[in-house]
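See structure below.
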Amino acid sequence: MLAPLLIQFESKTIAMLVFPDYSTLKPDATLAALEAVLADNRTQLDALLKQETPVWESLVEPLDAMSEAVSRSWGPVSHLFGVWSTPEWRAAYNSALPKLTEYGVELSQNESLFRAYESIAASPVFATFSTSRQKVIQDALRDFRLSGIALPADQKARFKTVSLRLSELQAKFEENVMDGAQAYGHLVTDAAELVGMTASALEAAREKAQAKKQEGWLLTLDFPSYDAVISRADNRALRERLYTAYATRASDQGPHDKTHDNTALMAEILGLRHEQAQLLGLSNFAELSLATKMAESPAAVETFLLELAERAKSRALTELDELRAMAAADGITDLQPWDMAYYSERLREQTLGLTDEALRPYFPYPQVLQGLFDLVHSLFGVRIEPLQGVATWHPDVSVYALKDAEGRSTGAFYLDPYSRPETKRGGAWMDECTSRRKLADGIQHPVAYLVCNFTPPAPGQPALLTHDEVLTLFHEFGHGLHHLLTQVDEGALAGIRGVEWDAVELPSQFMENWCYEPTTLKLFARHWQTGAPMPDAMIEQLRQDRQFQSGLATLRQVEFSLFDLRLHRDFDAAQGAQVLETLNKVRDEVAVLRPPSFNRMPWSFGHIFAGGYSAGYYSYKWAEVLSSDAFAAFEESGFKPETGTHFRDSILAAGGSRPAMESFIEFRQRKPEIDALLRHSGLSSTQTASTAENHVAI
Ligand SMILES: [Zn+2]
């Protein structure tokens, strides 16, 4: 099913790149192969665990090969589910998923396996292992312990019960948010009420009404529909109405009936998370969350967030005054939350005058892509060339190989650029196809999937990207480089594997910086018809746009992050969940505009109640500090090529083989500091910037 493609070069070096054979892949056969792999792995595992004294070669290496076998048969199914979601592949995915989950749970709960890892860690040879091999063992042991495996029998049983209940509650939380939002609709029958909204938003609202056999325009709470009203509609009462419905989703407030109220779920989720942390001997869930992250402690995160808030506050107040002044000109003297997006949009248009339509002609996709490849070549010394002869799942998809200075192939990636609403999930992402691994007969090189959802080209012209889409391409490419430029031999830690959650966005956000750099923009931002480079004034507008309302935006992220952190850190079983109390206290400290008392933002905060960001929402800002500070090294060196080599070697190549802080310190020769982020966001003022005492390290 997976045909290894051996590429032979003049130097006689054989590089191994492994691609799934998408020309022959069939759902039934793939499923059968996956089941065979799982059965075979179970038999192998039993045999492995019978060993008296397991060693690296007799335990970890065979386990790595077993996990590779799973990813080779499951990888394509999971990938096609996202990019070629035909009914047949969707069915294959849905039938395979529970089997995979069950297999994963079996492994993570296997006590003999845990003991086998423990015995390797306790053996005298452990000290002679390379640091990355030691980390493979230590990470595995840590994850086993955090899943409760080392607990006494009764506590272990309780831990498991709590885990199952939590996954149920978290899924239900998300369901309530979706169903609660979907149950709401506001029908408008008089077009005069909708003045200001864009033609495409009006069309979408009309189609929604028609689908329900109603006359008029149906306004709903899915984000594009909500955003179309809140940021564009001139009608203030309409904005207030939609805001009220949106801010009270899945709660007991606002216009909703109470069937989707998340109040009880939140209390139970917080209580159970706290209980799990305590079973593991930790004080609270924030400590449990940080056990696998780069940030050292909840206190360190809190200090970082409060510092950021302090630096952002004065600018946020100025930005708020600008909005107030603009609203006052319309006769609004009490600026409310439902006015913010509306006046922001107007202010942005008035001061920057930058529209997607004006920018698009400068970003033809093939030219942007070539510019990105050239940049990567000059920064990291790898050339990127089309690779022919590899089957894909769609004609739009291209395959490229990475070549080192000697012309040897060191990796490859698929690039699937355009949206296909019928069969492809929205958004953009990087996923692993195969990972780098050192094998007895050589190196298996990494292969990545890069997936975007750009608007396909109109007839007779290339696809013209918005600046946001260019950012997306660079962002995903940064994740791709992390996966592709790894030099780690252990499959378990190669590329982004084993990288802490709050550091994993470093390379991706780092790459975004180049989309604001005049010299880089000049390379690829050229008018698709005239070839003229983007005018300097437009580049300057783009750079200003990056800083537009950055004070308010920063405070908003700090508010969410601090709320999430304290909610989990300060939970007290005797008091129960203190959701609104915690939020109000955070707002007292950092917010510049208080939402109305009916606002129930936490009730739809899926990131922390349903997703993987619980006591980890700060990761967005944390990783931005790292990526800005890393980019500042390039600015400081005058973009010398050596800085690129150094970044590649200390950060990209090291992957998850050591703590992210060590990699960062090797690159920067010091701990990360927030100054560069403040400067890039326009938040450093002349009074506070650049004095040694003001360097806040994280
Ligand atoms: Zn990302």
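The values are calculated or read from the model by the stated rules, or taken from the named source; none is laboratory data. Treat the numbers as computed from the prediction; the structure is a model and nothing was measured. All Cβ positions, even for glycine, are placed from backbone atoms using ideal geometry, and neighbour counts span all protein chains on display. The accessibility values were calculated without ligands, DNA or RNA, using every heavy atom of the protein model including side chains. Shrake-Rupley method; radii C 1.70, N 1.55, O 1.52, S 1.80 Å.
Of all positions in the stretch 583-601, none carries a residue that is in contact with a strand residue (DSSP E or B) (Cβ under 7 Å, 6 or more places away or on another chain), modelled with pLDDT of 95 or more and in a loop (DSSP other than H, G, I, E, B).
For the stretch 80-89, name all the residues that are buried (at least 19 other Cβ atoms within 10 Å of the Cβ) and in contact with a Pro (Cβ under 8 Å, 6 or more places away or on another chain). The one that is buried (at least 19 other Cβ atoms within 10 Å of the Cβ) and in contact with a Pro (Cβ under 8 Å, 6 or more places away or on another chain): Trp89.
All of (1) surrounded by fewer than 23 Cβ atoms within 10 Å (Cβ to Cβ); (2) assigned to a loop (DSSP other than H, G, I, E, B); (3) at pLDDT 95 or above hold for Leu471 with one exception: (2). Checking each residue in the stretch 209-246 for being within 18 Å of Leu335 (Cα to Cα), surrounded by 21 or more Cβ atoms within 10 Å (Cβ to Cβ) and of a type outside the set (Phe, Trp, Tyr) picks out Val229, Ile230, Ala233, Leu238, Arg239, Leu242. Yes or no: the stretch 528-550 includes at least one residue that is over 26 Å from Glu310 (Cα atoms), of a type in the set (Asp, Glu), within 16 Å of the ligand (Cβ to nearest atom) and not assigned by TED's automatic domain parsing to the domain that holds Glu581. Within the stretch 528-550, none of the residues are over 26 Å from Glu310 (Cα atoms), of a type in the set (Asp, Glu), within 16 Å of the ligand (Cβ to nearest atom) and not assigned by TED's automatic domain parsing to the domain that holds Glu581.
Scanning the stretch 474-486 for residues that are more than 12 Å from the ligand (Cβ to nearest atom) and within 15 Å of Gly427 (Cβ to Cβ) gives no hits.
Where strands (runs of 3 or more DSSP E) fall entirely within the stretch 342-434, those with at least 1 residues that are out of contact with any helix residue (DSSP H, G or I) (no Cβ under 9 Å at 6 or more places or on another chain) are at 383-386, 398-403, 409-418. Of all residues in the stretch 118-130, none satisfies being of a type in the set (Asp, Glu), within 26 Å of Cys433 (Cβ to Cβ), in the same structural domain as Tyr22 (by TED's automatic domain parsing) and open to solvent by 20 Å² or more (accessible area, probe 1.4 Å).
The set of residues from the stretch 228-254 being assigned to a loop (DSSP other than H, G, I, E, B) and not aliphatic (A, V, I, L, M) comprises Ser231, Arg232, Asp234, Asn235, Thr248, Arg249, Ser251, Asp252, Gln253, Gly254.
On the basis of being over 25 Å from Leu164 (Cα atoms), under 30 Å from the mean Cα position of the chain (by Cα) and surrounded by fewer than 14 Cβ atoms within 10 Å (Cβ to Cβ), does Glu52 make the cut? No: the conditions fail for Glu52.
Any idea which of Glu102, Glu68 is among the acidic types (Asp, Glu) and open to solvent by less than 40 Å² (accessible area, probe 1.4 Å)?
Of the residues listed, the single one that is among the acidic types (Asp, Glu) and open to solvent by less than 40 Å² (accessible area, probe 1.4 Å) is Glu68.
Looking across Ala153, Ala191, Ala171, one residue alone is without any contact (Cβ under 8 Å) to a residue 12 or more places away in the chain and not hydroxyl-bearing (Ser, Thr, Tyr). It is Ala153. Which residue pairs have Cβ atoms under 6 Å apart, sit 6 or more places apart or on different chains, and have a first residue in the stretch 432-446 that is over 15 Å from Ser409 (Cα atoms) and a second that is assigned to a loop (DSSP other than H, G, I, E, B)? That search, which allows pairs on different chains as well, returns Lys438/Asp489. In the stretch 472-488, the residues that are among the charged types (D, E, K, R) reach residues that are open to solvent by 10 Å² or more (accessible area, probe 1.4 Å) and within 11 Å of the ligand (Cβ to nearest atom) with C-beta atoms within less than 6 angstrom, at least six apart or across chains, in these pairs: Glu476/Ala428; Glu476/Met430.
For the stretch 112-148, taking the residues that are part of a helix (DSSP H, G or I) and among the aromatic types (Phe, Trp, Tyr), the one that is farthest from Arg158 (Cα to Cα) is identified as Phe126. Restricting the stretch 424-453 to residues that are among the polar types (S, T, N, Q) and over 18 Å from the mean Cα position of the chain (by Cα) leaves a set whose member that is farthest from the ligand (Cβ to nearest atom) is Gln444. Going by what's in this entry, would Glu345 be described as loosely packed, with under 13 Cβ neighbours inside 10 Å, in contact (Cβ under 8 Å) with a residue 60 or more places away in the chain and not assigned by TED's automatic domain parsing to the domain that holds Pro224? It is false that Glu345 is loosely packed, with under 13 Cβ neighbours inside 10 Å, in contact (Cβ under 8 Å) with a residue 60 or more places away in the chain and not assigned by TED's automatic domain parsing to the domain that holds Pro224.
Does Thr161 qualify as being in contact (Cβ under 8 Å) with a residue 12 or more places away in the chain and either open to solvent by 30 Å² or more (accessible area, probe 1.4 Å) or under 30 Å from Pro602 (Cβ atoms) (or both)?
no
Within the option set Asp396, Asp416, being among the acidic types (Asp, Glu) and either modelled with pLDDT under 95 or open to solvent by less than 30 Å² (accessible area, probe 1.4 Å) (or both) holds for one residue only, Asp416.
Given the options Pro421, Pro456, name the one that is away from the ligand (no atom under 16 Å from the Cβ), more than 30 Å from Ser132 (Cα to Cα), open to solvent by 50 Å² or more (accessible area, probe 1.4 Å) and without any contact (Cβ under 8 Å) to a residue 40 or more places away in the chain.
When all the criteria are applied, what remains is Pro421.
In summary, helices (runs of 4 or more DSSP H) completely within the stretch 484-573 and bearing 1 or more residues that are hydroxyl-bearing (Ser, Thr, Tyr) and open to solvent by 30 Å² or more (accessible area, probe 1.4 Å) occur at 518-524.
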